[in-house]
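These notes concern the structure reproduced below.
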Amino acid sequence: MHELPEKVVTCDVLIVGGGAAGLTGAAAAGGLKTILVERQKTLGGKTALANGMIWMPGNRTVKSRPILRPHQPTGYMLQARAYVENAVAMSDENGNGALSTAATKRIDTFLTKGPEMIDFLRGRGFRWMKARSGFPDHQTELDGALSAGGHTLDPAIFDIESLGSLGEYLSHDGEVPLVFRFEDF
């Protein structure tokens, strides 16, 4: 990346990490002077390792799924909630599988604000495949899991040249990339 000059640099927003969360934060900065710092030579973080997929139940991009309406969960969203609650409960450090009030609030926020984040990113030019992803939930044995996929957004294919000089910060070998979807395996 670029070396910063050895002087004090001021900004309104400092984002540490160029993964999906950091890049989303930069997009949300809305005209504020923003600096994004990344220790790697490329951007994308762990999301790049997952081929850019985002796991987000209730997203409006996948037309075959209902739209989440606050306080009116559909059967699909109740299933997604069950999966997230079960996955979080499995990681309970006390080993009793109980959800704390804080965990429940975070799950509520994830399931209601997450689809809004996807809409925000779409408004900033992000695109995903229109076809429903076949990528299964990671822990298919949990109640609420979708073993045939449906929560995951697969990124749309785009021309890297459209990024101009920023394309050099993507992980690729310079050759024509092979893009795979889960269904291709």
Report, ordered by the first and then the second residue, all pairs with beta carbons closer than 7 Å, sequence separation of six or more or different chains, a first member in the range 116-127 that is at positive phi, and a second member that is assigned to a helix (DSSP H, G or I) and surrounded by 13 or more Cβ atoms within 10 Å (Cβ to Cβ).
none
All-but-one check, G144 against (1) farther than 18 Å from G44 by Cβ; (2) within 14 Å of the chain's Cα centre (by Cα); (3) not in a helix (DSSP H, G or I), failing number (2)
Considering only the range 34-43, state which residues are under 16 Å from L166 (Cβ atoms) and surrounded by fewer than 15 Cβ atoms within 10 Å (Cβ to Cβ).
V37, Q40, K41, T42
Quick one: what pairs do we get from the range 18-33, first residue farther than 15 Å from I118 by Cα, second of a type in the set (A, V, I, L, M) and in a loop (DSSP other than H, G, I, E, B), C-beta under 7 Å, 6+ apart or different chains?
G18/L43
Scan the range 16-33 residue by residue and report those that are farther than 16 Å from F120 by Cβ and buried (at least 16 other Cβ atoms within 10 Å of the Cβ).
G17, G18, G19
Test: A28 is modelled with pLDDT of 85 or more and among the small types (G, A, S)
no
Regarding the range 57-74, can at least one residue be identified that is at pLDDT 80 or above, more than 28 Å from F158 (Cα to Cα) and loosely packed, with under 13 Cβ neighbours inside 10 Å?
no
Among the residues of the range 104-134, the number that are over 19 Å from M77 (Cβ atoms), at pLDDT below 85 and surrounded by 13 or more Cβ atoms within 10 Å (Cβ to Cβ) is 1
The range 75-98 - residue that is surrounded by 14 or more Cβ atoms within 10 Å (Cβ to Cβ) and modelled with pLDDT under 85 and, of those, nearest to the chain's Cα centre (by Cα)
M77
Yes or no: K46 of a type in the set (D, E, K, R), surrounded by 11 or more Cβ atoms within 10 Å (Cβ to Cβ) and at pLDDT 80 or above?
no
Any residue at all in the range 111-124 that is of a type in the set (G, A, S) and over 22 Å from A21 (Cβ atoms)?
no
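The values are calculated or read from the model by the stated rules, or taken from the named source; none is laboratory data. Please read all numbers here as calculations on a predicted model, not as lab measurements. Backbone-built Cβ (ideal geometry, glycine too); neighbour counts: all protein chains shown.
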